[in-house]
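The numbers here are math on the coordinates, done by the rules we state, and not lab data. Being a predicted model, the structure only gives us computed values, none of them experimental. Positions of Cβ are backbone-derived with ideal geometry, glycine not excepted, and every protein chain shown enters the neighbour counts.
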Amino acid sequence: MNPIDDSPITRDGNSLILAYDHGTEHGPVDFEPMPKSADPTHVFEVGRHDAVTAIALQKGTAEYYRSWEADHGIDDGAPLLVKVNGNSNLPTRDDYYSPTQCSVEYAVEELDADAIGYTMYAGSLHEDRMWTEFREVQEAARSYGVPVVMWSYPRGEGIQANDAYSGQSDPAVVAYGARLGLELGADVVKCKYPGSREGWQQLEDAVGDLKTVMSGGSKRSDEAFLEDVYTTVSAGGNGLAVGRNIFQREDPEPLLDDLESVIFEAREV
Ligand code: FBP
């Protein structure tokens with residue numbers, strides 16, 4: 001196992017992952033507020049900001065990313081995190097499931113991935129199947145020495161049917177998902193913001209030294225967003241994985257400057 005702090009996706013122990021898998025997960029509707037964000041090269045350019053320690057892409061956009069770098073002689077693009085599973089909003093399913101559509105071998109050998117990403121829906125009727133698939137991904141990533149970031153999103157039948165939980169953002173649910181990241185062998189776990197410092201603290205108390213990053217969520221004001229990130233980091237979190245709060249902005253650079261200060265320089269909001 002390579003220490004996560006030696007990975008290019010961390011800087012001084014923390015990370016800012018620019019997530020751009022929304023065309024898969026939500027569809028082009030996420031690009032409507034800022035139509036130029038539908039062009040992957042626009043977002044690749046945003047990822048060249050110093051604050052960004054990784055760009056998270058599905059297989060096809062990752063191929064596009066490597067071609068873009070090669071065609072334009074770009075050597076300061078963000079490290080590449082290949083998201084090896086994903087699912088669209090289109091089918092009707094009995095419960096949440098995210099199939100694997102890229103092998104770790106392809107991600108590392110063909111795409112030169114610096115890290116692997118995997119979404120885990122604990123609580124779904126398909127949890128068992130996803131655990132088995134995650135095992136294969138995690139063990140392959142270990143054999144290549146690349147870290148694994150788990151998008152740990154407990155949801156589905158098991159969460160909805162359990163009266164002890166108020167929903168996906170219930171701090172107990174979020175903490176449980178984070179703990180699974182530790183126990184299943186992720187290097188970084190990405191979790192929904194549970195709504196408060198106490199909630200994030202509950203998560204931190206459950207995971208020892210495992211790296212944790214906050215999942216951005218839908219777009220909100222600079223102030224509200226920075227406040228959540230600050231709360232996360234000051235409660236022991238290791239940064240952020242963010243999509244819409246960056247690419248749905250006309251000019252995300254000032255916000256990235258501020259995020260850099262909060263995540264890597266411990267600046268207060
Ligand atoms: P955002 O910052 O836009 O919320 O992106 C984070 C992310 O995890 C993306 O990687 C993914 O596409 C999306 O959220 C999935 O969110 P959900 O499954 O809750 O709709």
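Which loop-located trypsin sites (Lys or Arg not before Pro) does the range 222-269 contain, where loop means any DSSP state but H, G, I, E or B and the Cβ has at most 16 other Cβ atoms within 10 Å?
Listed in order of number, the matching sites are Arg267.
Connecting C-alpha atoms closer than 10 Å in a GNM of the chain, tell me which of Ser169, Ser196, Ser215 has the biggest fluctuation.
Ser196
For the chain, what is the largest minus smallest coordinate of the Cα atoms on each principal axis, given in angstrom and ordered from greatest to least?
Taking max minus min along each principal axis of the Cα atoms, the chain gives 53, 41, 39 Å.
Sum up the charges of everything whose Cβ sits under 11 Å from the Cβ of Gly237, counting Lys and Arg as +1 and Asp and Glu as -1, but leave Gly237 out.
In short, +1.
Please give the contour-minus-distance gain from Tyr106 to Trp131: 0.36 nm per residue of separation, less the Cα-Cα distance, rounded to one decimal in nm.
6.9 nm
For the chain, return all DSSP H helices satisfying: extent of Cα atoms along own axis at least 15 Å; mean Kyte-Doolittle hydropathy at least -0.5.
Taking the DSSP H segments of the chain (at least 15 Å long, mean hydropathy at least -0.5), we get 171-184, 222-234, 253-264.
Can you check what the net charge comes to around Glu127, using other residues whose Cβ is under 12 Å from the Cβ of Glu127 (Lys, Arg +1; Asp, Glu -1)?
-2
Measure out, as a whole number of angstrom, how far apart the alpha-carbon centroids of the range 64-78 and the range 3-63 sit.
What the calculation gives is 14 Å, centre to centre.
Would you look at the GNM of the chain, springs on alpha carbons closer than 10 Å, and say which of Asp187, Asp128, Asp75 moves the most?
Asp75
Where both residues lie in the chain, what percent of DSSP beta bridges are antiparallel, nearest 5?
Here the antiparallel bridges make up roughly 5 percent for the chain.
Give the aspartates and glutamates whose C-alpha is closer than 15 Å to that of Lys211, dropping any in the same chain fewer than 8 places away, or say none.
In chain and number order, the partners are Asp5, Asp6, Asp12, Glu183, Asp187.
Which value in deg cm²/dmol, rounded to the nearest 500, describes the helix-derived mean residue ellipticity at 222 nm for the chain, given -39,500 (n - 2.57) per DSSP H run of n ≥ 4 and division by the residue count?
It lands at -11000 deg cm²/dmol.
Sum up the charges of everything whose Cβ sits under 12 Å from the Cβ of Ser196, counting Lys and Arg as +1 and Asp and Glu as -1, but leave Ser196 out.
With Lys, Arg at +1 and Asp, Glu at -1, the net is -3.
In percent, what relative contact order does the range 22-113 have, based on Cα pairs under 8 Å that are 6 or more apart in sequence?
Over the range 22-113, the number comes to 29 percent.
What shape does the range 217-269 have by the C-alpha gyration tensor, where a ≥ b ≥ c are the square roots of the eigenvalues, rounded means a/c under 1.5, and otherwise prolate means a/b greater than b/c and oblate the rest?
Since a/c reaches 1.5 and a/b is larger than b/c, the shape of the range 217-269 is classed as prolate.
Normalised by the residues of the chain, what does the relative contact order come to in percent, with Cα pairs under 8 Å and at least six apart?
With pairs under 8 Å counted, the relative contact order is 18 percent.
For the range 204-259, which GluC sites (Glu not before Pro) are in a loop by DSSP, counting at most 16 other Cβ atoms within 10 Å?
For GluC sites (Glu not before Pro) across the range 204-259 that sit outside H, G, I, E and B with at most 16 neighbouring Cβ atoms in 10 Å, the list reads Glu250.
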